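To start, the structure itself, in structure tokens.
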Amino acid sequence: MDEPLSSAPLVFRDDGTPYSPRHDDIYHSAAGALAQARHVFLDGNGLPARWRKKSRFTVVETGFGMGVNFLATWAAWRNDPQRSPALEFVSVEKHPFSANDLRAAHAAIIDDTAIAQLADALASAWPPLEAGVHRLAFLAGAVTLTLAFGDAGTLLPHLADHGLAADAIYLDGFAPARNPDMWTPAIFASLARIAREDATFATYTSAGLVKRALRDNGFDYLKVAGFGGKRAMLVGKRLQSRSVIDS
């Protein structure tokens, strides 16, 4: 699994928002990358409160992109005096940025000095652009980042087979209409295998096909207010009953 990958080009729209020509979609809301990460994925998964009950807390993400969700999660964990002793973050990315483009992207979108320091540590540890699983360790191993470079449909079953168990799931691929391969029933079936019994999830989208895939694979969802003018997003957990909450 050492073949070179097709990396993501670093492109910005006129308003400064990072953009993917491949998927004709933006990496984050124009209202702010870190603010979106906190609203959608941290708040949506009940963090930081939920990791306080764990000796080790594991986040699984679909779509690493520029790593903003990881950086926001790491910063929130680091700043929480009641944090879990260990934070594990696992993310799948088919088209990763080069280390240089990652640095340039962070310089353009991160204005928080403390998080910029974490971003520098991430870029300094960035692995070669080779397909497969790369494990990075920070803070003497208290924070680990596992980057799975390649197709999510192949990598998520591989991770499930090797015992990955998620406490929280960040569904952050490009929009389903732009990147349907990231939102297939098979992807959700793999996530259902990976999710712990008390696992939660959050995603910025409320598309009908996502709701159906969640329901069909054992997740309960709730529509809540989205970020940056977006009317709705989905949050939820592993299904404890067959009813699905929708508002």
Exercise. Could you tell me whether any residue of region 129-140 is in contact (Cβ under 8 Å) with a residue 24 or more places away in the chain and buried (at least 21 other Cβ atoms within 10 Å of the Cβ)?
Key: no
Practice problem: Would you be able to tell me the number of residues in region 219-247 that are under 24 Å from residue 163 (Cβ atoms) and either modelled with pLDDT of 95 or more or under 18 Å from the mean Cα position of the chain (by Cα) (or both)? | Solution: 4
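Among the residues of region 93-115, write down those that are of a type in the set (A, V, I, L, M) and part of a helix (DSSP H, G or I). Step through it out loud before you land on a result.
At the first step, the residues of region 93-115 found to be of a type in the set (A, V, I, L, M) are 99, 102, 104-105, 107-110, 114-115.
Residues satisfying the conditions are 99, 102, 104, 105, 107, 108, 109, 114, 115.
Against the condition crowded, with 21+ Cβ neighbours inside 10 Å, in contact with a Ser or Thr (Cβ under 7 Å, 6 or more places away or on another chain), closer than 23 Å to residue 202 by Cα and in contact (Cβ under 8 Å) with a residue 60 or more places away in the chain, how does residue 92 come out, does it pass? Give the derivation first.
Details: crowded, with 21+ Cβ neighbours inside 10 Å: yes; in contact with a Ser or Thr (Cβ under 7 Å, 6 or more places away or on another chain): yes; closer than 23 Å to residue 202 by Cα: yes; in contact (Cβ under 8 Å) with a residue 60 or more places away in the chain: yes.
Yes.
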Quiz prompt | For residue 191: the one exception among (1) exposed (fewer than 15 other Cβ atoms within 10 Å of the Cβ); (2) in a helix (DSSP H, G or I); (3) not basic (Lys, Arg) | solution = (1)
Quiz item: Could you say whether any residue in region 74-81 is crowded, with 21+ Cβ neighbours inside 10 Å and either out of contact with any strand residue (DSSP E or B) (no Cβ under 6 Å at 6 or more places or on another chain) or within 28 Å of residue 151 (Cα to Cα) (or both)?
Solution: yes
Quiz item: Which of the residues that make up region 49-100 are of a type in the set (Phe, Trp, Tyr) and over 14 Å from residue 142 (Cβ atoms)?
Solution: 64, 70, 97
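Out of all the residues in region 198-210, which are outside any strand (DSSP E or B), within 18 Å of the chain's Cα centre (by Cα) and not aromatic (Phe, Trp, Tyr)? Spell out how you get there, then give the answer.
Taking region 198-210 first, the residues outside any strand (DSSP E or B) are 204-210.
Among the residues that remain, those that are also within 18 Å of the chain's Cα centre (by Cα) are: 204-207, 210.
Within region 198-210, 205, 206, 207, 210 meet the criteria.
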Quiz item: Just a yes or no: is a residue in region 37-56 surrounded by 15 or more Cβ atoms within 10 Å (Cβ to Cβ), among the β-branched types (Val, Ile, Thr) and closer than 18 Å to residue 178 by Cβ?
Solution: yes
Exercise. Answer yes or no: is there a residue in region 147-162 that is within 25 Å of residue 237 (Cβ to Cβ), among the acidic types (Asp, Glu) and part of a helix (DSSP H, G or I).
Key: yes
Practice problem: Count, please, the residues in region 194-203 that happen to be touching a helix residue (DSSP H, G or I) at 6+ places or on another chain (Cβ under 8 Å) and surrounded by fewer than 21 Cβ atoms within 10 Å (Cβ to Cβ). | Solution: 1
Quiz item: Within region 166-181, is there a residue that is among the aromatic types (Phe, Trp, Tyr) and within 18 Å of residue 67 (Cα to Cα)?
Solution: yes
Practice problem: Name every residue in region 68-92 that is among the small types (Gly, Ala, Ser), within 15 Å of residue 51 (Cα to Cα) and not in a loop (DSSP other than H, G, I, E, B), in order of residue number. | Solution: 72, 75, 76, 86
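Here is a check on your reading of the model: is residue 14 farther than 26 Å from residue 113 by Cβ, of a type in the set (Asp, Glu), modelled with pLDDT under 90 and surrounded by 14 or more Cβ atoms within 10 Å (Cβ to Cβ)?
For residue 14, the condition - farther than 26 Å from residue 113 by Cβ, of a type in the set (Asp, Glu), modelled with pLDDT under 90 and surrounded by 14 or more Cβ atoms within 10 Å (Cβ to Cβ) - is not met.
The values are calculated or read from the model by the stated rules, or taken from the named source; none is laboratory data. Small disclaimer: the values here were computed from a predicted structure and weren't measured. Glycine also receives a Cβ, built like all others from the backbone with ideal geometry; neighbour counts cover every protein chain displayed.
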